[in-house]
Structure formats: structure tokens, C-alpha cells
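None of the figures in this text is laboratory data; all of them are computed from the coordinates on show. Keep in mind that what you see is a predicted model, and the values were worked out from it rather than measured. Cβ: placed from backbone, ideal geometry, glycine included. Neighbour counts: every protein chain shown.
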């Protein structure tokens, strides 16, 4: 497999406490920070309820992020297709691609929050079928096909064709996948990439070994081929110089996020609140059935290697953005990943280690260089001694080189 890419996924989850305007600005600062550190991708999602998830339009947020960044790719993670008319979605992603200089990735999903679907009056039983239907229409529009009409029970197109196509000739797509096979099957059907969000849960992690086969089977059925480089796996981490420091920085925030959001707000089945911060760390970030790391850069390197072995290979590691630690320690965690984890995982330091080892093992071959240095030192010592003898410590100047003092103007 080629080198792994690295990115971030902002759900976005923020505890209900901070000034919302400052949260938006802080998130934009974060994307800018990732761009400077050399991360490959940034994703943000769309949510409309719970109070914790405050980005309603990923396209609008990413357009602002595009003005602050230069190279990082910007993905909608995700646009909930049943909530929107497909023609409008297609136009917005085209505009985003142009406004970001061809850095947009179009990620879609059926809609994750039942409270969002309830507010919009959408039956959860139809959401996945509507995503499938909308995605097929959007792909036709972005390919620039001739005008076509389409009649559905929830949207209508008449003589539809985009008057502006994406800046990228082949704008990348991705479909969200959680635990069920539906996301992987949809990706295979439409030949898109995959954003595996379910890997953050124990059930989702256990399902990963089979997930890719669902995508490949669906792709074969529809005449497509899948590439593991287009598979993105979401993991959670907070790293510091020591495990003790990482634990100290993340424990309180992790417990608050789990107890107040996952259990208290989403009331996710099968989850119970943690009794104390140490239990939160122990049950979240340790064990073979966890895709979360609270520890050192080496701990995260080991976890990524385990994930690669578990899945059979994928293309991009996506870090889940959270507020377990304060802002300063969170930024430092992402900095440590860029400085130590990414080069280690991708073998960027291998040649350095090889070069150093070669020098150590071939020390005898370099003795002549040392002898050359000593030789020059000895020559200088002899020259100094000669000068001492001929000029009281100063070099004597030959007569034919001495200036003619009589001809020198006063």
C-alpha cells in the first residue's frame, strides 16, 4: 500500500458552554492549524439538533476554511441527502470546489440524528433509499450529462443540467458507513470512496473485517471496482509526551462527552455513563476492541498498525475531533501526531536510520578523513614554528613585495 494519508473529522461536537460564535472561529483556526502541519484532509458534518453539533452547512464552513488554507482537501462529512433537493446539493458542491481551488470532496450520508429527521418530518425507514436515489442523480449532474428529467416521490427534476461543472474533472465522492452493510454496499454501487465512522464503537470495529467485502461485492454487481486507497477509517486519539500526561489532559473531558452527549443526549442503546474519569479512560482507550488512543505517539503508531492488520488495508486515517482536552493541549496533540506519528507510520525516517547505522558500522572506513584533518593541523603547527623563527612571531615580508615608502603619497 502507498503511504497513509491523515485527516480530521469534525462531527462537530462541542459541549454546551462556550460562546457559539467563538466556537466557529476556533474551528476555523483549527483547520488552518492542520493545513500548516501538512494534514491531507479535513471533514465536517451537518447536524440540526442536540445542541452539541452546531454546523448546519458544511459547504458554508468549508468555503470559509478554504480562504484560510492552501493545500488541505476539504470534505463534506457528510451532507445528509434526504434533507435536500439533489439539484441544490450538486450546485453547492460545485461552488465549493471552485471557491476552494479544486480541493472539495463530496461526502454524503442518510442523516445520522433521529431528532433531525423528526424535525424535518422524514420517516427514518426511507432515509437510506433516498440517499441512494439522490446520489445517483447528483453523479449524473456532476458528470455534465445531457438534460434529463426525473420524477420521485420527494423531488422532481425537469430538463435538469448544471450550468457550471466542478473545477476538478473527477471530483472525489465518499459515502458514510457506520455498522450496517448499507453504506459499503452503496459505495460499491456508485463507485465512491468510504468514510467509516462506525469504527469508533466496539460494534463498528468488530464489523470492519467484513465491511470491505460488502463494497467489493456490490461494486462487481454494478460494474465498478473499489480501491482501498479511497477507504477512510475514523479513529479517536489524544496524545502527549507520556501516557500519564495524556491521561491527565483528556480524562475529565472524555467523561463529560460520553456521559452528557453519548448517553445523556443521544441515549445510545447499550451505553452506560462512566462513574469516574479513570473508568472513562480505561474503557475508551485500552484493549484490543478500541479504536481510541490516549497515550503517546508510539501508542498511536501501534494502534494504526493494528487497524491496518484488522481491515486488510485502507488509504486514510481520519482523527475524530473532540474537546476531551483544553484547546492548547488539543492543538499540541495534533502537532505531535504530525511530527512523530505520520513520519513513523509512513516510513519517512527509514532512510535517516539507515544512514546513521551505515556511519556507525563503517567507522573504520572514515579514518583517512581523520588523518587528513590531523595532517593539516600538523602543517599549521610547522608553519607557525617557522614564522616564529623568522619574524619574532610575525611572517617576514620578502623585499620585492615590500611597499616603496618613498613613492607613497603622504
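Is the C-alpha gyration tensor of region 59-195 telling us rounded, prolate or oblate? Criteria: a/c under 1.5 is rounded; beyond that, a/b larger than b/c is prolate, otherwise oblate. Verdict is oblate for region 59-195.
Rounded to the nearest 10 degrees, the inclination of helix 20-37 to the longest alpha-carbon principal axis of the chain is 50 degrees. Taking 0.36 nm per residue of separation and subtracting the current Cα-Cα distance, fully stretching the chain between residue 353 and residue 326 would add 6.2 nm.
The angle between the Cα long axis of helix 297-311 and the main principal axis of the chain comes to about 50°, on a 0 to 90 degree scale.
Summary value for the chain: 15 percent relative contact order, contacts being C-alpha pairs under 8 angstrom separated by 6+ residues.
Determine which residues of region 342-378 fall in the zone a paramagnetic label at residue 385 would reach in this model, i.e. backbone nitrogen under 20 Å from the point 7 Å along Cα→Cβ. Counting only backbone N, you get 371-378. Relative to the longest principal axis of the Cα atoms of the chain, the long axis of helix 367-391 lies at roughly 40 degrees. Among 337-343, 184-190, the peptide with the highest mean count of other Cβ atoms within 10 Å heads the list, and the full ranking is 184-190, 337-343.
Treating r as the C-beta distance of residue 85 and residue 115 and R0 as 30 Å, the FRET efficiency rounds to 0.90. Short to long, the 20 Å bins of the Cα pair-distance histogram for the chain hold 23, 47, 13, 9, 7, 1 percent of all pairs.
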